[in-house]
Amino acid sequence: MVADDPTQAGPLPSFSGLGGEQRFRTEVARATAGVDASGRWLVALPPLLRRLVDYDALWLGRLDDASGRYLPLIEDGAAESLHRLFADDVGAADVRRLGLRRPGWPMLGHRIAAQLAGLQGWRDYLAPAGFHDGLGVGLMTADDRHVGYLTLLTYRRETATAMAAALLHAVNPLLAGAVDRTTVPRAPD
């Protein structure tokens, strides 16, 4: 799903600085409040996330308990390697290995480079696609249920910031709640 808004004129305000967290939280709350069969929230989310990290690929998936895999809800940008990764069991296994199925902060790619190098998904899918940095987070509901995974990847080095991770952490329950309320077809066996 691509979510560019050609009617938007000029640069969008940053979420950095005074009031940035509240603006981001308010906009994500507005986008996720109307989860319904139309999928409008899935179209509204990528522009907000692009303001957070100028990503080259965005992938958001919902955990399918029956298969143990993540089913894609949003694939934006150069997400083909992410699509292939999560169509394989390797994607879910790597999310588990990184500890992203438990409550915690989003991980910045450049800060966990050694861990990433040891993951099959990074070696076989993402590094060959040219990705160097990004941010990944397990999506946890307010009652600490893991329901999905979100990643924003870039071709540029050290692009994802601690500020972006903090802002994403602040809205994690909102995103997780929306993912939890979104119905997707079950993964093939």
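We did not get these values from a lab; they are worked out from the coordinates using the rules stated. If you're wondering where the values come from, they're calculated on a predicted model, not measured in any experiment. Heads up, the Cβs are rebuilt from the backbone with ideal geometry, glycines too, and the neighbour counts pull from every protein chain shown.
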Checklist entry - How much length is gained if the chain between Asp54 and Gln115 is pulled fully straight, taking 0.36 nm per residue apart and subtracting their Cα-Cα distance, in nm to one decimal? => result 19.7 nm
Item to check | Cα-based Kirkwood hydrodynamic radius, the range 26-74, one decimal, Å | outcome: 12.0
Checklist entry - Where the centroid of each part is defined by its Cα atoms, how far is the range 82-102 from the range 128-188 in Å? => result 12
Checklist outcome for this item: Kirkwood Rh over alpha-carbon pairs of the chain plugged into Stokes-Einstein at 20 °C, 1.002 mPa s gives a D in µm²/s of 129
Checklist entry - What relative contact order, as a whole-number percentage, does the chain give when Cα pairs under 8 Å and 6 or more residues apart are counted? => result 25
Item to check | Kirkwood Rh in Å, taken over the range 123-189 so that all alpha-carbon pairs contribute | outcome: 13.6
Checklist outcome for this item: Projected onto their principal axes, the Cα atoms of the range 71-153 stretch, largest extent first, over whole-Å spans of 37, 27, 21
Checklist outcome for this item: Here, Ala170 and Asp144, labelled 7 Å along Cα→Cβ, have an inter-label distance in nm of 2.4
Checklist entry - Once both labels are modelled 7 Å past Cα along the beta-carbon direction, what's the Thr183-Ala127 spacing in nm? => result 4.2
